[in-house]
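The values are calculated or read from the model by the stated rules, or taken from the named source; none is laboratory data. Everything numeric here is computed off the predicted structure, so don't read it as measured data. Cβ: placed from backbone, ideal geometry, glycine included. Neighbour counts: every protein chain shown. Note: areas computed on protein heavy atoms with side chains; ligands, DNA, RNA excluded. Shrake-Rupley method; radii C 1.70, N 1.55, O 1.52, S 1.80 Å.
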Amino acid sequence: MFHLQSPQKLLMLEKSLRMALPESLKVYGTIFHMNQGNPFKLKALVDSWPNFNTLVVRPQEQEMTDDLDHYTNTYLIYSKDLKKCQEFLGSPEVINWKQHLQIQSTQSSLHEVIENLASIHYGQVKHTQCNLYMPLDTAKKLVPTLVDTNNLSSNANKPKSLNQEMFKLSSLDVAHAALVNKFWSFGGNERSQRFIERCIRTFPSFCLLGPEKTPVSWTLMDYTGELRMGATVPKYRGQALIYHVSHCQIQSLGKLGFPMYGHVDRANHSMQRSVTRLLWVSLPCQWNQWNSMPV
């Protein structure tokens, strides 16, 4: 096992992962932010170097002290060789299978490996799979071969006018984390709220304040570069507010060169329509999350 710590090696890793997009997207976005200061104090582990087969990005051990906190105990994985990766992922130095944890990857092919390892370590696994999208300008830069401009409407990304007397563009405050947590489908508990608070403190966030001067629609970015946790409170749904927030977010973060992307639940047809209007490109791989819990 090799722990990549030097800036030179992490930059080499980022370049290598960029060549493997979109399958490497989850780890590519994470390594990108590690190279921008590593605000979440992550570590990158490979089975060999410089010609690695499997990469795991995870928090430092001192960050993973709560055995029940799978929001912190998160592993981002990319593998070039599924036959060889099971041994690496089975090492307790790489993944602590005794904890509640989650694994994220844009490689659905890892499913059998993860199920096998969880079974070996007497764990239960829940697999969630969603559609994966990337803003058009980001896709043109990172995966231009996937962009078919002939199938994109020239007016798709022009938002309708917003009632600026009623809604004001702003950013989220840590005090808003409880509201975000309430409407996050993967959240709703104390540990998820701590994760949301950390994302708000660390990365740019965007929201619309309503007449009550509280957020009515918002979206965040996490340490993997993913735009997620977006929602609109029920009272103001049906007005495309999340569309306006996302549009501002993409425009602002795009200027910073961030590798933006996001997932949408397969049953969330309204959000699928929104990302189409925003000129997001549908990626051929899927967003995957495996939640493992020891029995």
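Here is how the numbers come out for the structure above:
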read-out	value
Residue pairs meeting the criteria (Cβ under 6 Å; at least 6 apart or on separate chains; first more than 26 Å from LEU68 (Cβ to Cβ), in segment 166-190; second open to solvent by 50 Å² or more (accessible area, probe 1.4 Å))	MET166/PRO211
Every pair of residues 6+ apart whose Cβ atoms lie under 7 Å, when the first sits in segment 111-127 and is under 20 Å from SER79 (Cα atoms) and in contact (Cβ under 8 Å) with a residue 40 or more places away in the chain while the second is part of a helix (DSSP H, G or I) and open to solvent by 40 Å² or more (accessible area, probe 1.4 Å)	VAL125/GLU115; HIS127/HIS111
Subset of segment 43-57 (residues that are open to solvent by 10 Å² or more (accessible area, probe 1.4 Å) and either touching a strand residue (DSSP E or B) at 6+ places or on another chain (Cβ under 8 Å) or outside the structural domain of GLU14 (by the TED database) (or both))	LYS43, ASP47, SER48, TRP49, ASN53
Near pairs, Cβ below 9 angstrom, 6+ apart or cross-chain, from segment 60-76 (within 24 Å of GLN107 (Cβ to Cβ) and assigned by the TED database to the domain that holds ILE103) to any residue that is exposed (fewer than 14 other Cβ atoms within 10 Å of the Cβ) and of a type in the set (Ser, Thr, Tyr)	THR72/THR65
Identity of the residue in segment 211-243, crowded, with 18+ Cβ neighbours inside 10 Å and of a type in the set (Gly, Ala, Ser), that ends up farthest from the chain's Cα centre (by Cα)	ALA240
Within segment 1-82, strands (runs of 3 or more DSSP E) holding 3 or more residues that are closer than 30 Å to PRO144 by Cβ	42-46, 54-59, 74-79
Residue ranges of strands (runs of 3 or more DSSP E) in segment 207-268 with at least 2 members of a type in the set (Ser, Thr, Tyr)	215-221
Sole residue being within 23 Å of PHE2 (Cβ to Cβ) and more than 17 Å from the chain's Cα centre (by Cα), chosen from VAL94, VAL147, VAL125	VAL94
One residue from SER246, SER205 being open to solvent by less than 20 Å² (accessible area, probe 1.4 Å) and either assigned by the TED database to the domain that holds ASP66 or at pLDDT below 95 (or both)	SER246
Leading residue by the ranking (farthest from the chain's Cα centre (by Cα)) among those in segment 268-295 that are over 23 Å from VAL143 (Cβ atoms) and open to solvent by less than 20 Å² (accessible area, probe 1.4 Å)	SER292
